[in-house]
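Report on the structure given below.
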Amino acid sequence: MMNRLTKMIGAALVAASLGLVVSGISQAPETANAAVKTHKLTSLPKAFRGTWYTSYKGKGRKIKASAKKFDISTYRHALDRNSYSAASEQYFTPYRLSGKKIHKQTLYLLNGIGLSTVRRTTIKGKPVLIQYNEQEHGTILTIFTRTKKASVQKVYSGFNPFGMSVYTRKDALKNRKFYRTIDPIVRKQFGAAVKKKVDKGGKTGKFKHINVVSYTAYGFWEGIAN
């Protein structure tokens, strides 16, 4: 079951965008990265398994990963494209990544209509699990460690660019700041596993001249047969 922190973050994100297109706002096309090769797995690799910890605003959180479980998700052999946004993370289908500029120990965990890009690595000599969780309702970047407390632990949560929960210009500017904060981390930690995307607020209206740059793994699975 999700702990209190997971529920808190989830509640904030479920209120976010259920659709990423708003009238008057243009998005750069999202296409799969040809340099990325994927290999479908039947279980989560051992390096990713175990208990992982992070903290958010002073509150601790832990997740457990096993061969067939990852946090709130259970292994599923194929995508369930009929999932609702709120239930998207009920299942995951793992894919190992390889190819040019792909960091070692990087996976895609596909959910029904979202996905996590996950990397197992070290930061400041500490084993870490980095999860870039992109769902229809929002985005969370989390750095987990094996120990309950560590300075490298981070949680960043925000809405999708110009999503339905971005009502005002102030909201859009705040969300642009969120992506400006996480973009360097995402780009560094995931390399070619993510691709650049630019959402433009247009030349008129309340989002005038607000452009949001983000990095995403969305869309890569379009050419994968299940």
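The values are calculated or read from the model by the stated rules, or taken from the named source; none is laboratory data. Predicted, not measured: the structure shown is a model, and the values here were computed from it. Note: ideal-geometry Cβ built from the backbone for every residue, glycine included; neighbour counts use all protein chains shown. Note: areas computed on protein heavy atoms with side chains; ligands, DNA, RNA excluded. Shrake-Rupley method; radii C 1.70, N 1.55, O 1.52, S 1.80 Å.
Per-structure values
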| quantity | calculated |
| --- | --- |
| Per-region count, segment 91-113, residues modelled with pLDDT under 90 and open to solvent by less than 20 Å² (accessible area, probe 1.4 Å) | 1 |
| Flag if SER214 is farther than 30 Å from LYS46 by Cβ and touching a helix residue (DSSP H, G or I) at 6+ places or on another chain (Cβ under 8 Å) | yes |
| Segment 205-218, residues that are among the hydroxyl-bearing types (Ser, Thr, Tyr), open to solvent by 10 Å² or more (accessible area, probe 1.4 Å) and in contact (Cβ under 8 Å) with a residue 40 or more places away in the chain | TYR218 |
| Subset of segment 121-173 [of a type in the set (Gly, Ala, Ser), within 16 Å of the chain's Cα centre (by Cα) and open to solvent by less than 40 Å² (accessible area, probe 1.4 Å)] | GLY138, GLY158, GLY163 |
| Tally, over segment 93-120, of residues that are within 12 Å of the chain's Cα centre (by Cα) and part of a strand (DSSP E or B) | 9 |
| Selection count where residues are touching a residue at least 12 places away in the same chain (Cβ under 8 Å), open to solvent by 50 Å² or more (accessible area, probe 1.4 Å) and part of a helix (DSSP H, G or I), scope segment 177-204 | 3 |
| Subset of segment 151-176 [out of contact with any helix residue (DSSP H, G or I) (no Cβ under 6 Å at 6 or more places or on another chain), among the hydrophobic types (A, V, I, L, M, F, W, C), in contact (Cβ under 8 Å) with a residue 40 or more places away in the chain and part of a loop (DSSP other than H, G, I, E, B)] | PHE162, MET164 |
| Pairs where the first residue, in segment 44-56, is within 11 Å of PHE144 (Cβ to Cβ) and the second is among the basic types (Lys, Arg) and surrounded by fewer than 17 Cβ atoms within 10 Å (Cβ to Cβ), C-beta under 6 Å, 6+ apart | THR51/LYS62; THR51/LYS64; TYR53/LYS62; TYR53/LYS148 |
